[in-house]
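Enquirer: One structure coming up, written as C-alpha cells, with questions to follow.
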C-alpha cells in the first residue's frame, strides 16, 4: 500500500480524533496533555524526532485554551504562579536544548505519579481544608527542577506541579488547574525555543489538523472544567489521567 510520507489517511483521522478527545479531558483539569499526546503518537507510528515538537505545540495550544477558561472563571491567582514560573521558564529552555535517554526518568516519574494518585484518592474522603502559603524558596527550587525535566522530556510540567500543589494544600483544585494551565503554556513555549536553538523543529504533515482538533477539545474542556464540572468530578478526572499517564510512562 502506498505511503503518504507520514501516516495513512484513515490512521490520520483516527489520530486527530483521539488527540481531540485527550485534549478535552486534559484541558478540563488544567493540563496540556503532552504525556498523552506522546503516547498516542508513538502508538500511531509517528517518528520520534517529530513527537517532542508536536507534543509541545499541542500542549501549548491546549493549556492556553484551558487557562483562558479558568481565568475567565476567576480562578487564577498570580501569587500562586510566579514563584514556580520565574525559575521554570529558563530551565525549560535549557531542558529543551538537551538530548538524553528518558527511559529511567519515565519510570521514576510513573512511580511518583502513582504515589500522587493514592494521596489524591485519600483526599476524596477528607473535608475541605484551608490552603496554606507557598514557601517562596521551595517554589523556586521546585519550579526550576520541573522546568528542566519538562523541557528535556517534552512536557509542560503541569502533571508534576498540579498534584504537588494539591498535596501541599497551596491552592484549591480549580486555582491549581488555572496555575497549572499557564505554567504548562510558558514551559512548553520555552522548551520549544530551546529546541529551535538546538537545531530546529520537526513537524508532522498533519500537525495543523491535530492542533486544530486539540484547540477545539481544549476550549470545550476548559469550559466544562471551569463552569460545569464540580470539584469531586475534576478530582476523579485527575486521578484517571494520572493513572493513564503513569502506566504509559512505566511501560513506554
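Enquirer: Counting other C-beta atoms within 10 Å, which of 66, 150 has the fewest, and how do the rest follow?
Expert: 150, 66
Enquirer: I would also like to ask the following. For a quick check: sort 132, 77 by the number of other beta carbons within 10 angstrom, fewest at the front.
Expert: 132, 77
Enquirer: Continuing with this model, one more query. Arrange the following residues from fewest to most other Cβ atoms within 10 Å of their Cβ: 53, 243.
Expert: Ordered by Cβ neighbours within 10 Å, fewest first: 243, 53.
Enquirer: Within the range 31-71, whose backbone N sits under 12 Å from a point 7 Å along Cα→Cβ of residue 227?
Expert: Under cut-off, by backbone N: 69-70.
All of the numbers you see were taken from the coordinates with simple rules; none came from a lab. Just so we're clear, the structure is a prediction, and the values are computed from it rather than from any experiment. Reconstructed Cβ throughout: ideal geometry from the backbone, glycine too, with neighbour counts over all protein chains shown.
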